[in-house]
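Okay, so here's the structure we're looking at.
No value in this document is a laboratory result; all are computed from the given coordinates. The structure presented is a predicted model; accordingly, all values stated were derived computationally and were not measured. In this analysis, Cβ positions are derived from the backbone assuming ideal geometry, glycine residues included, and neighbour counts consider all displayed protein chains.
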Amino acid sequence: MKEENKLERLITVLRRHYYGNIITLALLLLLMLFRFIPTFRESELIGVTLERYTIMISIIAIPLALKLFAQKLKKVHRPAETAVALRKYKNASFLRLYIISAVTLLNILLFGFSHNSNFMWITVILFIIFLYCKPSYVELASLTEVPEENRATEEEVIEDSENKTGEEVIEDSENRTEDEEAAGK
């Protein structure tokens, strides 16, 4: 029960960061879009080179953030202790969220200074990517559970040992060693 409360508290904290980032960035975009934030009297021209690099950074950052998150969670040995799972999931979630937030902020600021529609559309795409970054209780809970393939083999071993007498277990272990020796030759 305590573990579930810890998991729920972490998800609550992560969702606050998640929604806080989205709301802050959306408000900034709207303020820049309707020019409530004074940047310059006239739109500044952003060079084609800077525009290309910004688009390239955005295109690289999206799959990089998502892949880093997946790799960090894949490295966690299952079943993990609750404290380890919480720490790893929190770090991976924050890394993913803030990489995408930084790229979104860059595009919003460049849109505000140049009013180039390319930056606005990339920002819209990044807001869509945020839908895939929502913290998930199920994903976090899966780090502390035994994987399905391990669970099936453990259950089979337990059932086999419960159904057999002591002599049958000894015979099976002797047969396995003989089979392993034969396979090794």
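Here are some notes:
- When each of 132, 18 is scored by the number of other beta-carbon atoms lying within 10 Å, the sequence from fewest to most is 132, 18.
- Label separation (residue 74 vs residue 51): 3.7 nm, computed from points 7 Å beyond Cα along the C-beta direction.
- Think of segment 2-145 as having a plus end and a minus end, set by charges on the Cβ of Lys, Arg, Asp and Glu; of 115, 5, 60, 5 sits farthest toward the positive end of this dipole.
- Residue separation of residue 121 and residue 145 scaled by 0.36 nm, minus their Cα-Cα distance, works out to 4.6 nm of gained length.
- Taking label positions 7 Å along the Cα-Cβ direction at both residue 13 and residue 36, the computed distance is 3.2 nm, reported to one decimal.
- Taking the fewest neighbouring Cβ atoms within 10 Å as the starting point, the ordered list for 76, 138, 84 is 138, 84, 76.
- The overall shape of segment 1-85 is oblate: from the C-alpha gyration tensor, with semi-axes ordered a ≥ b ≥ c, the ratio a/c is 1.5 or greater and a/b is no larger than b/c.
- Taking 32, 56 and counting other C-beta atoms within 10 Å, the order from fewest to most: 56, 32
- Basic side chains Lys and Arg get +1 at the Cβ, acidic Asp and Glu get -1 at the Cβ, and with that the dipole of segment 1-137 about its Cα centre reaches some 680 debye.
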